[in-house]
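Have a look at the structure below, then the notes.
The values are calculated or read from the model by the stated rules, or taken from the named source; none is laboratory data. Just so it is clear, the model here is predicted, and its values are computed rather than measured. Cβ: placed from backbone, ideal geometry, glycine included. Neighbour counts: every protein chain shown. Only protein heavy atoms, including side chains, enter the accessible area calculation; ligands, DNA and RNA are left aside. Shrake-Rupley method; radii C 1.70, N 1.55, O 1.52, S 1.80 Å.
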Amino acid sequence: MSEHLTPNRRELLKGTIAPFFARTARGATRPPNVIFFLTDDHGAWATRCYGCLDMHTPNLDRLASEGARFTRAYACTPVCSPSRMTYLTGKLPSHHGVQDWILNDESVGPKSRPFLQGQTTFSEILANHGYTVGLSGKWHMGGDERAQAGFSYWATVPGGGGTYKNAVFVKNGQPLATEGYKTNHVGNHAIEFIEQNRDRPFCLYCPFFAPHVPYDYQPEEFRRFYNNASFPCFPNEPIHPWHTRTIMGRPFPMLDDFNNRESKLSYSALVAGMDHNVGRILQRLEELEIRDNTVIIFSADQGHNCGHHGIWGKGNSTVPFNMYDTSLHVPLIWNHRGHIKPHQVPTPMVSSYDFFPTLLEYLGGYVGIQAPPDPHRVGRSYAGFLHGRNPSWHNELYFEYQYVRGIRTENLKYVERTAEWPSELFDLEADPGERQNVIDDPRHARQLKALRGRLTAFFDEAGAPKIDQWRSTTTETLCTYSR
């Protein structure tokens, strides 16, 4: 049991452990393993199975064809650290307290802060249900150098990114210098964890750093797929008038990637290298004869623009922050051979805050997992779709990033900002590319009023502060941006 738990939380978690041990004592079938792959800055568009035919992603494509590929999955926040926190906790940024990427001093070193401390995570719940839980890849949620939240295996490069060549990992508390390609080492550590735990239920959280910047190194074996590519999935558009120009007083580095062929090739090669390592891990599962007893989930922390809307980057690549679909739309694939039927393409609109309840409900069918109740979790389980059913589902999602909140329905998106910034309304039926802000169009006045009311009601019911008081629950030092 994690030492930082309060007595009340410890008792709540203890009450959820009993079903696992009771079933095990009765000789129940071993519960399935879990592998949760997460990429960084990886829009759904940047995979072949989502339509980019030039992208080399054969292993992801196979996972999708052999399982369920969700077509309308979105991150709650279009930037990494708060999005990861939402996946782990099922909470909005205004409840987990992280509203932007975590600065290096607060993520690594003596001043780092464990932002997940005191939060209930799915990893901690699984650890308390008999799972061995391991991390291989990017953490970036504070206290990066030490295992936490139920993890007993820990291999990461602290911080938000860093070089792809000869990276220094921290493995189970000790620095580990490596040679060669960082993504391959993420795969190596993942395979080691699987081999060490092949005979017991395990949960591997494998968040790749790719295809996040820097684009400093990709092995030729992954670059060669694109040597003659014309990159039709990367739009060449005029730069967005809101594009971020400085970050923390320094030039915004992604401006150099804009309409740059080498950046397009590098991004694509990073995706290919990640896909290759997914394939290596799948192959090892086959060799160990545990592939069929392993639930595999693949997603991304948020979307990414590579020229889309005249932007290179995500939500913080414009000032004010944007909530474009390309910044939020992520791949989402669930694969569990013999349990999730192949060739499914579910269409409900789902959010990263829905992942927590979905994973626990899906596993609950095997080990009786129940999460301690928390009124601040806002997600819904979409597990029914994984079983081939078509449950009732209201397609409406909510987003949050500092001074920006949003609501997306089937055909409308309302983006609300605090008074110093413009708000936006997009008619997604007439304008799926979100090119025209129709917030002042009187023809949409009634719809706008309704969306404003629903957005306000959602955050009120979740117990979040009013939008103009968003700083009141933020616990980190925030980055500064300008244009």
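Points to keep in mind about this one:
- Test for Thr326: is it of a type in the set (S, T, N, Q), in contact with a helix residue (DSSP H, G or I) (Cβ under 6 Å, 6 or more places away or on another chain) and open to solvent by less than 50 Å² (accessible area, probe 1.4 Å): yes
- Matching residues in segment 259-278 - criterion: being over 24 Å from the mean Cα position of the chain (by Cα) and either over 21 Å from Cys52 (Cβ atoms) or surrounded by 14 or more Cβ atoms within 10 Å (Cβ to Cβ) (or both): Asn259, Asn260
- Taking the criterion of being of a type in the set (A, V, I, L, M, F, W, C) and closer than 19 Å to Ser482 by Cβ, the residues of segment 281-331 that qualify are Ile311, Trp312, Val319, Phe321.
- First in segment 217-236 and open to solvent by 30 Å² or more (accessible area, probe 1.4 Å), second anywhere and among the polar types (S, T, N, Q), Cβ under 6 Å, 6 or more apart: Asn236/Asn259
- Subset tally (residues that are open to solvent by 50 Å² or more (accessible area, probe 1.4 Å) and out of contact with any strand residue (DSSP E or B) (no Cβ under 7 Å at 6 or more places or on another chain)) for segment 237-252: 7
- Selection status of Arg435, modelled with pLDDT of 95 or more, farther than 25 Å from Trp101 by Cβ and surrounded by 13 or more Cβ atoms within 10 Å (Cβ to Cβ): no
- Residue in segment 330-337 that is crowded, with 20+ Cβ neighbours inside 10 Å, among the basic types (Lys, Arg) and in contact (Cβ under 8 Å) with a residue 12 or more places away in the chain present: no
- Here Glu416, Glu400 are screened, and the one residue that is open to solvent by 30 Å² or more (accessible area, probe 1.4 Å), under 15 Å from Tyr324 (Cα atoms), touching a residue at least 40 places away in the same chain (Cβ under 8 Å) and in contact with a helix residue (DSSP H, G or I) (Cβ under 7 Å, 6 or more places away or on another chain) is Glu416.
- For segment 82-106, the candidate set comprises residues that are among the aliphatic types (A, V, I, L, M) and either part of a loop (DSSP other than H, G, I, E, B) or out of contact with any strand residue (DSSP E or B) (no Cβ under 8 Å at 6 or more places or on another chain) (or both); within that set, the residue that is most open to solvent (accessible area, probe 1.4 Å) is Leu103.
- Test: residue in segment 374-392 that is aromatic (Phe, Trp, Tyr) and either in contact with a His (Cβ under 7 Å, 6 or more places away or on another chain) or more than 14 Å from Ala73 (Cβ to Cβ) (or both): no
- A count restricted to segment 168-211 and to residues that are open to solvent by 30 Å² or more (accessible area, probe 1.4 Å), at negative phi and part of a loop (DSSP other than H, G, I, E, B) stands at 4.
- Hits in segment 280-292 - residues which are open to solvent by 10 Å² or more (accessible area, probe 1.4 Å) and part of a helix (DSSP H, G or I): Arg280, Gln283, Arg284, Glu286, Glu287, Asp292
- Reported count of residues in segment 239-259, each being at pLDDT 95 or above and assigned to a loop (DSSP other than H, G, I, E, B), is 6.
- When every residue of segment 392-409 is checked against the conditions, none turns out to be charged (D, E, K, R) and more than 21 Å from the chain's Cα centre (by Cα).
- Test: residue in segment 122-136 that is open to solvent by less than 30 Å² (accessible area, probe 1.4 Å), in a loop (DSSP other than H, G, I, E, B) and closer than 28 Å to Phe321 by Cα: no
- Subset tally (residues that are under 24 Å from the mean Cα position of the chain (by Cα) and charged (D, E, K, R)) for segment 227-258: 1
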